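Chemist: The structure's right below; bear with me while I get my questions together.
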Amino acid sequence: MAIVFKNGRVIDGNGGEPISKGLVVVEGAYIAYAGPEDGYELKGEEQVVDAQGGTIMPGLIDTHVHMMMEYSPLAERLATPFSFMYYQAAQYLKTTLHAGITSVRDALGTDLGVKKAVEEGVIPGPRLQLSINALTITGGHGDGYTVSGKEMDILPSDYPGMPNGKCDGIEEVRRKTREMLRAGAEVIKVHATGGVLSATDHPEFTQFSLEELKVIVEEGRFRKGIKVMAHAQGAEGIKNAVRAGIHSIEHGIFIDDEAIELMLENGTYLVPTLLAPVAVLETAKETGMPETAVQKSKEVIEQHQASFQKAYRAGVKIAMGTDAGVMKHGTNLRELGLMVDGGMTPMEAIVASTKTAAACLGWEDRVGTLENGKLADVIIVKGDPLADIYSLANNNTVQVVMKNGKIEKNVL
């Protein structure tokens with residue numbers, strides 16, 4: 001039986017004017033129609049979902065999450081059995097889906113078994129694109145070494161299905177990239193600079209040489225046509241990543257004019273994750289964030305917003321991503337308000353979270369817009385997000401979530 005969403009405005013994800021009296025028709029797992037109510041003749045036997053004057057939209061896409069974690073105090077992590085994280089992840093996945101996020105790109109920490117569990121309906125969750133684990137240099141962002149001399153990774157690694165990502169030199173880098181591909185990586189994640197959460201580096205520190213980065217890109221492209229995403233915060237690391245052919249820059253905190261020009265020339269995406277340093281400061285005490293992370297967040301937060309504004313004004317392709325896992329899952333849609341604070345219109349923030357995000361993942365033929373033949377990822381939100389983009393930060397605003405033609409949440 002077809003399912004019909006009606007009695008609401010339709011924002012289809014393409015960036016055009018909303019359809020004030022819109023209709024979306026779903027048959028099986030696919031969209032059969034999206035447009036004005038008077039453009040489709042109902043047969044009378046469809047299941048009707050009444051949007052009650054709300055807004056019908058594509059399922060939203062977060063291109064930078066960590067579904068296997070939520071940052072917690074060190075003592076708590078040491079006292080938690082290894083397998084418990086999978087049960088926690090099941091809740092994180094459900095919470096994310098119920099927030100209106102129907103697809104995500106996992107930026108490290110989630111293995112192939114979790115994706116299989118979601119795909120086979122064992123647990124509810126968004127559609128997953130996996131990086132498995134991130135490549136990092138010795139002493140760089142992602143190396144769990146602490147100044148005490150002990151190693152303490154945020155997430156366990158080097159267990160079956162989760163290769164350790166530490167590597168140095170061209171041949172080690174090549175081998176580690178191949179290990180991630182063997183473990184099921186659909187995108188390769190690399191730390192091209194230091195970061196906020198790592199104890200022994202700084203966001204402006206450059207990691208990996210240009211030659212090492214080129215090898216990572218080469219292995220992904222020539223073996224499986226797989227793209228590379230780069231945690232890159234310092235300007236030189238960003239430029240190295242773009243010159244190497246990396247597909248998307250994550251964070252981009254210290255982006256400069258030359259980096260922006262390179263990104264425009266190469267069609268590189270920016271995934272700004274504006275929420276990440278904001279959340280670090282908000283939750284530092286509760287989650288036991290190290291003081292180094294707090295201080296670095298204070299240093300970068302204004303620069304982060306300024307870099308986003310500069311890239312946006314220049315026309316860099318921007319896809320929504322949050323770094324969820326650093327903060328609580330389900331708070332993802334706060335990112336749209338932050339992007340609007342940085343100069344985007346509400347419609348541009350929605351497009352960054354739908355059409356552009358789908359293109360960043362290489363899934364533009366399947367998801368991201370409400371169009372005939374695409375997978376039926378549809379949400380209904382209360383009110384008009386174009387009038388109040390900040391309302392999306394409240395999960396109660398998201399009233400209905402459909403993924404692959406199946407209604408996963410309905411509180412209407």
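The values are calculated or read from the model by the stated rules, or taken from the named source; none is laboratory data. The structure presented is a predicted model; accordingly, all values stated were derived computationally and were not measured. Using ideal geometry, Cβ is built from the backbone for each residue, glycine included, and neighbour counts are taken over all protein chains shown. Keep in mind that these areas ignore ligands, DNA and RNA; they rest on the heavy atoms of the full protein, side chains included. Shrake-Rupley method; radii C 1.70, N 1.55, O 1.52, S 1.80 Å.
Chemist: Write down the accessible area per residue of the stretch 267-323 in Å², having rolled a 1.4 Å probe over the full set of protein chains.
Modeler: 39
Chemist: Can you tell me how much longer the chain between residue 243 and residue 410 gets when fully stretched, taken as 0.36 nm per residue apart minus their C-alpha distance, in nm with one decimal? Provide the component values of the computation, followed by the final result.
Modeler: Numbers: separation 167, 0.36 × 167 = 60.12 nm, distance 4.59 nm.
Length difference between fully extended and current span is 55.5 nm.
Chemist: Choose one of 59, 304, 86: the residue whose Cα lies farthest towards the positive end of the charge dipole of the chain (beta-carbon charges +1 Lys, Arg; -1 Asp, Glu; about the Cα centre).
Modeler: The one lying farthest along the dipole's positive direction is 86.
Chemist: Let me test this: with uniform point scatterers at the alpha carbons of the stretch 40-94, what is the Debye-based log₁₀ I(q)/I(0) at q = 0.15, 0.17, 0.22, 0.29 1/Å?
Modeler: Per q value, in the given order, log10 I(q)/I(0) is -0.68, -0.75, -0.96, -1.23.
Chemist: If you don't mind, another one. Is the C-alpha gyration tensor of the stretch 45-187 telling us rounded, prolate or oblate? Criteria: a/c under 1.5 is rounded; beyond that, a/b larger than b/c is prolate, otherwise oblate.
Modeler: It comes out prolate by the Cα gyration axes.
Chemist: Sorted by mean Cβ packing within 10 Å, highest first, what order do the peptides 308-316, 122-130, 105-113 take?
Modeler: Details: 308-316: 17.3, 122-130: 21.6, 105-113: 24.4.
With the highest mean Cβ count within 10 Å placed first, the list reads 105-113, 122-130, 308-316.
Chemist: How much net charge surrounds residue 2 when only other residues with a Cβ under 13 Å from its Cβ are counted (Lys, Arg +1; Asp, Glu -1)?
Modeler: -2
Chemist: Roughly speaking, what is the stretch gain from residue 174 to residue 112, that is 0.36 nm per residue apart minus the C-alpha to C-alpha distance, in nm to one decimal?
Modeler: On the way: separation 62, 0.36 × 62 = 22.32 nm, distance 2.10 nm.
20.2 nm is the gain from fully extending residue 174 to residue 112.
Chemist: So how compact is the stretch 340-396: Cα radius of gyration and Dmax in angstrom?
Modeler: 12.4, 34
Chemist: Between residue 396 and residue 83, what's the calculated FRET efficiency when r is the beta-carbon distance and R0 is 41 Å? Round to 0.05.
Modeler: 0.80
Chemist: Pairs of Cα atoms under 8 Å, at least six residues apart: use those to get the relative contact order of the stretch 29-109, whole percent.
Modeler: Reported as a whole number, the value is 44 percent.
Chemist: Could you order peptides 53-62, 277-286, 132-141, 209-218 by the average number of other Cβ atoms within 10 Å of their residues, highest first? Each step should come with its number before you reach the end.
Modeler: Details: 53-62: 26.7, 277-286: 17.3, 132-141: 24.4, 209-218: 19.3.
Packing proxy ranking, top to bottom: 53-62, 132-141, 209-218, 277-286.
Chemist: Under a plain spin-label model, where a point goes 7 Å from the Cα along Cα-to-Cβ, how far apart in nm are residue 222 and residue 292?
Modeler: Output for this residue pair reads 3.6 nm.
Chemist: When the scattering of the stretch 305-352 is computed by the Debye formula from its Cα atoms alone, each counted once and equally, what is log10 I(q)/I(0) at q = 0.15, 0.25 Å⁻¹?
Modeler: Values, matching the q order: -0.38, -0.94.
Chemist: Measure off, as a whole percent, the carbon and sulfur share of the 1.4 Å-probe accessible area of the chain, all protein chains present.
Modeler: Using a 1.4 Å probe with all protein chains present, the chain comes out at 50 percent carbon and sulfur.
Chemist: Could you give the nm distance between label points at residue 147 and residue 256, where each point is 7 Å from its Cα heading toward the beta carbon?
Modeler: According to this spin-label approximation, the distance is 2.8 nm.
Chemist: What helices does the chain hold that run 20 Å or longer along their axis, going by alpha-carbon atoms, with a Kyte-Doolittle average of -1.0 or more, using DSSP H for the helix calls? Please report the intermediate quantities before stating the final value.
Modeler: Details: long enough: 84-98 (22 Å, -0.23); 210-224 (21 Å, -0.53); 291-314 (35 Å, -1.03).
Flagged H segments are 84-98, 210-224.
Chemist: Near residue 123, within a Cβ-to-Cβ distance under 12 Å, what is the net charge of the other residues, with Lys and Arg +1 and Asp and Glu -1?
Modeler: Spelling it out: positives minus negatives among the neighbours equals 0.
Chemist: Only Lys, Arg, Asp and Glu count, each charged at its Cβ (+1, +1, -1, -1), so figure out the dipole size of the chain about its Cα centre, rounded to 20 debye.
Modeler: So the dipole magnitude of the chain works out to roughly 660 debye.
Chemist: Whenever you get a sec, line up 254, 84, 5, 222 from highest to lowest accessible area (probe 1.4 Å, protein heavy atoms).
Modeler: 222, 84, 254, 5
Chemist: Further question: For labels at residue 359 and residue 50 in the simple 7 Å Cα→Cβ model, what's the distance in nm?
Modeler: 3.9
Chemist: Something else: On average, how much accessible surface per residue is there in the stretch 1-70, in Å², for a 1.4 Å probe, leaving out ligands, DNA and RNA? The partial results should precede the final answer.
Modeler: On the way: 2990 Å² over 70 residues.
I get 43 Å² per residue for this part.
Chemist: If you don't mind, another one. Given bins 20 angstrom wide, list per bin the percent of all Cα-Cα distances in the chain, short to long.
Modeler: All Cα pairs, binned at 20 Å, distribute as 29, 58, 13, 0 percent.
Chemist: Which FRET efficiency value, to the nearest 0.05, do you get for residue 388 and residue 41 by plugging their Cβ-Cβ distance into 1/(1 + (r/R0)^6) with R0 = 30 Å? Present the calculation step by step, with values, prior to reporting the outcome.
Modeler: Numbers: r = 34 Å, r/R0 = 1.13.
Efficiency computed from Cβ-Cβ geometry: 0.30.
Chemist: Give me the Debye-computed log₁₀ of I(q)/I(0) at q = 0.16, 0.24, 0.30 Å⁻¹ for the stretch 1-60, equal point scatterers on Cα only, no solvent, two decimals.
Modeler: Listed by q, the Debye log ratios stand at -0.44, -0.99, -1.43.
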